[in-house]
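Before any comments, here is the structure.
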Amino acid sequence: METVFIGFGSNVDDRIDFCDRAVTLLSLLPHSRLNGISLLYETEPVRDQTDPGDGWFLNGVVQLETDIMPRSLLTTLQEIERSLGRDDDNRSGPRTIDLDILFYGEHVIKEPGLTIPHPRLHQRRFVLMPMNELDPLWVHPTFKQSVTQLLTEAKDQSQVRLLFPQPSARYGSRPARSSSPGS
Ligand code: ADP
Ligand code: MG
């Protein structure tokens, strides 16, 4: 099993519902266990290489333990994106849901169409803030800096704030970690 962090974000329609559905689908993946979910953050759209439109995003990060190999995981994330209605013709435009592999254990992967750690995560406070909530001491395998250090040094000035109030009935099918079935 590898520890994997997946970033999610949505900036159109019912953003909470898209995030909720995406996390629910991630929680149901075979050979995997959902180990952590960050709070939801409301974030200003960042125009680095894409133009996602004017809508503010909801962003968060989940931690997964998984046996799914990186390529298959990417394909699976793309299937989830498609099933939630992401428009493949305008990938860089407004998105119902965006799923990114941030870290795959300590692995460093540079292949066509797949770069891990995600090449822009260290510049994005909307990724580093929820990451910092889940595992502040997690070390970036190439920069050799913890998430907290990366966050301190990130030049990104875009606004990232905790969504308030947080939705109360989130992740309805999230497996309860504190109680076993029947207890
Ligand atoms: P972004 O997430 O940067 O806003 P996209 O979601 O449109 O942009 O991703 C564009 C491409 O990035 C995808 O087609 C995918 O093949 C590629 N990609 C490379 N590395 C990763 C990764 N670690 N996680 C997700 N997608 C990745
Ligand atoms: Mg993406």
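The set of residues in region 48-84 being at pLDDT below 95, out of contact with any Pro (no Cβ under 8 Å at 6 or more places or on another chain) and farther than 16 Å from Asp100 by Cα consists of Asp51 alone.
What residue, among those in region 27-44 that are out of contact with any Ser or Thr (no Cβ under 8 Å at 6 or more places or on another chain) and not hydroxyl-bearing (Ser, Thr, Tyr), is surrounded by the fewest Cβ atoms within 10 Å (Cβ to Cβ)? Restricting to residues being out of contact with any Ser or Thr (no Cβ under 8 Å at 6 or more places or on another chain) and not hydroxyl-bearing (Ser, Thr, Tyr), the top hit is Pro30.
Can you say whether Gln157 is out of contact with any Asp or Glu (no Cβ under 9 Å at 6 or more places or on another chain), modelled with pLDDT under 95 and outside any strand (DSSP E or B), as far as the supplied structure shows? Can you show your working first?
Details: out of contact with any Asp or Glu (no Cβ under 9 Å at 6 or more places or on another chain): yes; modelled with pLDDT under 95: yes; outside any strand (DSSP E or B): yes.
Here the answer is yes, as Gln157 does meet what is asked.
Of all residues in region 1-20, those satisfying the criterion of being under 25 Å from Arg71 (Cβ atoms) and surrounded by fewer than 20 Cβ atoms within 10 Å (Cβ to Cβ) are Met1, Glu2, Thr3. When restricted to residues that are farther than 20 Å from Ala154 by Cβ and within 14 Å of ligand 2 (Cβ to nearest atom), region 98-126 contains 3.
Which one is surrounded by the most Cβ atoms within 10 Å (Cβ to Cβ), of the residues in region 103-157 that are among the small types (Gly, Ala, Ser) and under 21 Å from Ile68 (Cα atoms)?
We begin by selecting, within region 103-157, every residue among the small types (Gly, Ala, Ser); these are 105, 113, 146, 154.
Filter again for under 21 Å from Ile68 (Cα atoms), leaving 105, 113.
Values: Gly105: 15, Gly113: 6.
Among those that are among the small types (Gly, Ala, Ser) and under 21 Å from Ile68 (Cα atoms), it is Gly105.
Among the residues of region 109-142, those that are over 18 Å from Val62 (Cβ atoms), assigned to a loop (DSSP other than H, G, I, E, B) and within 11 Å of ligand 1 (Cβ to nearest atom) comprise Pro112, Gly113, Pro119, Arg120. Condition check for Leu73 on (1) within 13 Å of ligand 1 (Cβ to nearest atom); (2) of a type outside the set (Phe, Trp, Tyr); (3) under 24 Å from Arg125 (Cβ atoms): one failure, at (3).
Scan region 13-25 and tell me whether some residue there is assigned to a strand (DSSP E or B), in contact (Cβ under 8 Å) with a residue 60 or more places away in the chain and among the hydroxyl-bearing types (Ser, Thr, Tyr).
Initially, region 13-25 is screened for residues assigned to a strand (DSSP E or B), giving none.
Taking every residue of region 13-25 in turn, none turns out to be assigned to a strand (DSSP E or B), in contact (Cβ under 8 Å) with a residue 60 or more places away in the chain and among the hydroxyl-bearing types (Ser, Thr, Tyr).
Could you check, for region 17-36, whether at least one of its residues is over 18 Å from Ile101 (Cα atoms) and away from ligand 2 (no atom under 15 Å from the Cβ)? The answer is yes; a qualifying residue exists.
The values are calculated or read from the model by the stated rules, or taken from the named source; none is laboratory data. Please read all numbers here as calculations on a predicted model, not as lab measurements. As a convention, Cβ positions derive from the backbone with ideal geometry for all residues, glycine included, and neighbour counts pool all protein chains shown.
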